[in-house]
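Structure first, then comments.
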Ligand code: PHE
C-alpha cells in the first residue's frame, strides 16, 4: 500500500518538529488577512450575513482545499510548479496552475508589504503616545499612508525583513518566530475583545456583526466570502503546497489542516469582535473607509485603556508589534512560494532568489503604497472608483486564489485522484479520519460551488 518512498530526491529541509510545522502553517495563515482583511471585507458586505457565508465557506471549501494542498506538498516535496509537474503527465498544462500561484504570491506580497509597512509605522506611533484620548486617528492614518516617502519607506523596510527571513531558510528563518508569536497574539486579542465589547455602543456593533440579515446575501457577498476565506487561509496559490513539502511523513495531515483552519478562523472572528463594537462606539459607518479603516478604528480604542496614557501605549505598541510579526510570518510564505520555485526549478541560490523576488515585489508595490492619498488617481482609479491597493487585493487576493483553488480541487479530485491522496494521508498511521467527507467535498462541493459563483458573476 505504501507508494510514498521517492528515494531519488536530494534530502530536503524539514520542520524541526510536528508542532513547528503546525505553527508555521498557522503563521502563514494568520496575518493581515485576519485582522485587517476580514473586518474590512465583512464591513463592506453586510456584517453578520457575511460572517455566516464566510464560516460555511471555511468549513465546506477552505478546510478541504487546505488538506488538498498539504497532501500535494508532502507527496511531491516540491514547490507548486514542480509539484504539478511531478503529479501530471509530461508536458501537461497543469503546471500553469503552479505558475499562476507563483505570480499571485509575488503580487499579493507587493501590496501586503505596504499594509504591513503601516503596521511597522504604527509600532512607533503608538510607542510615543500619539493615540491619546480623542486623537484624530483618521488624520494620523492620513499622515502615514498619504505621505509618499513614509509609505514607500515602510514598505521597503518590511520587504527587507521578509527577504531576510526567507534567506534564513525554512528551519531557522520561519520556525523561530512563530512559536512565541501565536500564543502572545491570541492573548492580546482576547484582551482587546474584552475592551471593545464593554464600550458604550458595543451592542449595536455586535448586532451588526452577529445578527444576520439574510436578505443581504447575494452573489457578490458569497464570492467575497469565499475569496476572503482563501486569502485568510493562504490557499489557492500553493503556499500550503510549499509548506506541506517540508512536512515529515510521520505527521497527521488531517489534524494539521483542521487545526490551522480552526485557529485562523478564530482569530478572524475575534478581530471582528474588536472592530465592529469599536466602530459603532465611534459612530462610524461600516463598509466605508477602505484599507485604512482597521487602523483608524483600532487606534481609537487605545486612548480608553487604563491607566491613561500608559495603558494605551503599552498595549498599542505590543499589539502592532505582534501584528507586524504575524504579517511577517505570512509574507514569508508568500515569498517562499516563488523562491522555492526558483531554487528547485531554476537552480538559483536561496540568497539570490529571495533578493531578486523581493526587489521585484517591492517595485510592483509602489503604486499600492501611493494609493492611499499620496497620488490622487491611484487612490481613486478612474472608472473603478476604488484605490489601486483594493483593486489588486480583489483581483489577486481574491479572484486569483478562487481560481487557483478551483484548479487544485479539480486536479486532486479528478486528475491525480483521491485514491492517490488517500495513500498519502495514510502514510503515517494508516488512518484517514473524515476521508469520505473530504472526498465528497473536494470532488463535488468545492468545484461546483466555485464554478457556480463565478458563472453567476458573468450573468447580467
Ligand atoms: N493568509 C495570509 C493572511 O491572512 C495572507 C496569505 C495569502 C499568505 C495567501 C499566503 C498566501 O494574512
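For the range 5-458, the square roots of the Cα gyration tensor eigenvalues, ordered a ≥ b ≥ c, give a/c of at least 1.5 with a/b greater than b/c, which places it in the prolate category.
The residues 299, 130, when put in order of fewest to most other Cβ atoms within 10 Å, stand as 130, 299.
The calculated 222 nm mean residue ellipticity attributable to helices in the chain amounts to -21500 deg cm²/dmol, summing -39500 (n - 2.57) over DSSP H runs of n ≥ 4 and dividing by all residues. Normalising the average separation of contacting C-alpha pairs (under 8 angstrom, six or more residues apart) by the number of residues puts the relative contact order of the chain at 34 percent. Each of 14, 278 has some number of other Cβ atoms within 10 Å of its Cβ, and from fewest to most they run 14, 278. Taking other C-beta atoms within 10 angstrom as a stand-in for reagent exposure, 220, 346 fall in the order 346, 220, fewest first.
Taking a ≥ b ≥ c as the square roots of the eigenvalues of the Cα gyration tensor, the range 124-250 is classed as oblate, since a/c reaches at least 1.5 and a/b does not exceed b/c. Prolate is the label for the range 87-194. Its Cα gyration tensor axes, ordered a ≥ b ≥ c, give a/c of at least 1.5 and a/b above b/c.
With a Förster radius of 45 Å applied to the C-beta separation of residue 414 and residue 255, the computed FRET efficiency comes to 0.95. Taken as Cα centroids, the range 26-80 and the range 208-252 sit 2 Å apart, rounded to the nearest whole angstrom.
Every number here is computed from the coordinates shown, using simple stated rules; none is lab data. What you see is a predicted model; the values in this text were computed from it and never measured. Note: ideal-geometry Cβ built from the backbone for every residue, glycine included; neighbour counts use all protein chains shown.
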